[in-house]
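These notes are about the structure you will find just below.
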Amino acid sequence: MSTQTVTVRGGQRPMVIRIAGRELVEYTSAEVGRDLADIAGQFRIGYFPRHDMAAFGDSSPAPVSRTALAEIYRVTEHDPVEILIHGQTVMKGWVDDIQLRMEGGAFEAWITGRDVTGDLVDSTANPTGPGEYRMVTLAKLVQTICLPFGFTVAADVDAGTPFTLVALEPAETAMAAIERHSRQRGVLVTSDGVGGVVLTKSGQTRAPDSLRNPGNVHAMEARLSSRGRFSDVYVKGSFNSLLRPVQSPLRAGGAPLDAPPDGSGAGVTPDAAEAAATLRFGHAIDPAVRRYRPRVFLSASQSGGSVAAQQAMNPVDPNSGASTPASGAYRGSVRHVRRKAMKPRTDASAWTMQDQAEWRMRSTRAGAAMRVYSVIGLRAQNGALWLPNQLVLVQDHFAGIDQDMLIGAVTWVAAPDGYRTRLSVVQPDVYDLTGDMDTSHNGLRRTKRARAFDGTASGRAS
C-alpha cells in the first residue's frame with residue numbers, strides 16, 4: 001500500500017506516523033517514549049480529520065460530516081503502527097485504544113498503544129506447557145518464551161550460568177517470567193522498540209551530548225520521594241533441597257548416611273543443613289534511608305535454587321554482624337552511625353536471592369528520584385537520537401548536579417508549539433544489578449559536593 005507524504009513549512013515532518021501502511025497526516029500532537037522501567041515503549045497520538053475543517057473553524061456549532069467520520073474511523077484497534085524520527089524507525093507497535101469525543105463542532109481523537117513487546121506484558125508464558133526447564137541459560141529461556149510471539153532476542157552481556165531449575169507459574173505472564181529470572185543473573189531486559197528484546201546491562205553507551213542547565217536544557221522538573229525507598233529490603237523463599245543424595249536413602253538394601261546431606265562432615269546436623277539449603281533469603285541495605293523502613297518480598301519460585309546457591313550462606317548484616325534487621329541502629333528520626341551497604345557481588349559469587357534483594361532495592365530507588373529534562377528538537381546537535389540506557393553528563397546549576405547520570409526514559413514529543421525531547425535521568429547505579437558502580441567509578445564523572453544554586457562551583461569532580 002502506498003504511503004502519503006505531507007510537506008510542512010517547506011519540508012517533511014521530522015516525525016512520521018504510519019498506521020496500517022498509511023501515513024497519518026492528520027495528527028496534531030504525538031508522544032513516543034521508551035522507559036527502562038517498562039519493557040514496552042508507548043505512544044499517544046492526537047489527530048483530526050482533514051475533510052470539512054472549515055466547520056471546525058466556525059464559532060457556531062456544526063455537525064461532523066459522514067466523510068469526516070469515515071476518515072476518523074479508518075484507524076481501528078490492532079492496526080500496526082510504525083513511527084519514524086528523521087527517517088529512523090524508533091517504534092513498531094499496535095493500536096491498543098482509541099478515544100473519540102465530539103461536542104458541538106469540536107472533535108477530539110486520540111490513539112494510544114505500545115510497541116510489539118507489549119504482548120509479553122499481557123500474555124501468559126507457555127499456556128500449554130512446558131512448565132519447567134532444567135539446566136537452561138537465561139538467553140535460551142528468553143528465546144523460548146519469545147518464540148511464539150515472533151520476537152528476536154539479542155544479548156550483549158554474559159547471561160551467567162544455566163539455571164538448575166526454571167519453574168513457570170501457570171498464570172504467569174511472559175514478561176513476569178523473563179523479569180523474574182533476569183534479575184537473578186544481573187541482566188537488564190529492554191526492548192529496542194522495533195520488535196526485539198535485548199539482554200544487556202545499564203550504561204553501556206554514552207549519550208550524543210550532555211545536558212546543561214543553563215544551556216541546551218529548555219525545561220526541567222524533578223520528583224523526589226521517600227515513599228518508595230526502604231532501609232532494609234528482604235527477599236525470602238524456600239526451595240527443594242539439591243544437597244540430598246540422588247537416590248533415596250530409604251531404598252531397599254540401603255544404609256544410613258555417614259554424613260549430613262551437605263557433605264560437610266561433623267558439626268553440622270542434617271536438620272541445620274537442610275534448613276540452610278531450603279530456607280533462603282537476600283538482604284539489601286540502602287544507607288541513604290535515615291529511618292527504619294523494612295520491606296519483605298517473596299521469591300515464590302523454585303527457580304534459582306542451585307547447588308551453589310544452597311551451599312552459600314545467607315547474608316549477614318555488616319553493621320550488626322547478624323542476619324536480622326538492624327532496627328537498633330535507628331533512634332526515632334535520628335541515626336547516629338551511617339549504616340554500611342552489603343558487599344557487592346564478585347564474579348565467583350553464586351547467584352542467590354541476595355541478587356534479587358539488590359534488584360528490588362535499586363529498582364524502587366529508581367522510581368523514588370527522577371529528574372526530567374526537556375531539550376528542543378527530536379535529536380541531539382550532532383544528529384544522533386537520544387536513547388534510553390545511555391550515560392549522560394548532567395551539569396545542572398539549579399539542581400546542584402554535575403555528574404554522569406543514566407537516561408532511564410526518553411519521550412519524543414511533537415506538539416503544536418514545536419518538537420522536543422524529554423529525558424528522564426536517574427542515578428547511574430539504579431539499574432546496575434551487579435553493584436559494580438558502588439565500588440568503582442567505571443569512567444563515570446561524579447561530584448563530591450553539589451553546586452550552589454547560583455551556579456558557582458562549591459566542589460570538584462572526581
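General observations
- Within the range 422-445, the presence of at least one residue that is among the hydroxyl-bearing types (S, T, Y), assigned by TED's automatic domain parsing to the domain that holds R371, within 30 Å of I83 (Cα to Cα) and modelled with pLDDT of 80 or more is confirmed.
- Whichever residue in the range 155-184 is within 21 Å of the chain's Cα centre (by Cα) and of a type in the set (S, T, N, Q) and, among such residues, is surrounded by the fewest Cβ atoms within 10 Å (Cβ to Cβ): T173
- If the condition is being part of a helix (DSSP H, G or I) and among the small types (G, A, S), then the range 112-155 contributes G118, A139.
- All positions within the range 188-220 that are surrounded by fewer than 23 Cβ atoms within 10 Å (Cβ to Cβ), over 27 Å from Y419 (Cβ atoms) and of a type in the set (V, I, T): V189, T200
- Test: residue in the range 342-349 that is modelled with pLDDT of 80 or more and surrounded by fewer than 19 Cβ atoms within 10 Å (Cβ to Cβ): no
- Restricting attention to the range 206-231, the residues being modelled with pLDDT under 90 and outside any loop (DSSP other than H, G, I, E, B) number 3.
- The range 224-243: number of residues that are of a type in the set (K, R) and under 18 Å from the mean Cα position of the chain (by Cα): 1
- Qualifying residue in the range 89-101 (condition: assigned to a loop (DSSP other than H, G, I, E, B) and over 15 Å from A40 (Cα atoms)): no
- Residue match in the range 183-194 (condition: closer than 24 Å to V235 by Cα, aliphatic (A, V, I, L, M), not in a loop (DSSP other than H, G, I, E, B) and not assigned by TED's automatic domain parsing to the domain that holds W359): yes
- Checking T152 against (1) surrounded by fewer than 19 Cβ atoms within 10 Å (Cβ to Cβ); (2) touching a Gly at 6+ places or on another chain (Cβ under 8 Å); (3) in the same structural domain as L188 (by TED's automatic domain parsing); (4) under 21 Å from F43 (Cα atoms), the condition it does not meet: (4)
The values are calculated or read from the model by the stated rules, or taken from the named source; none is laboratory data. No experiment lies behind these values; they were computed from the predicted model shown. With ideal geometry, Cβ positions are generated from the backbone for all residues, glycine too; neighbour counts draw on all protein chains shown.
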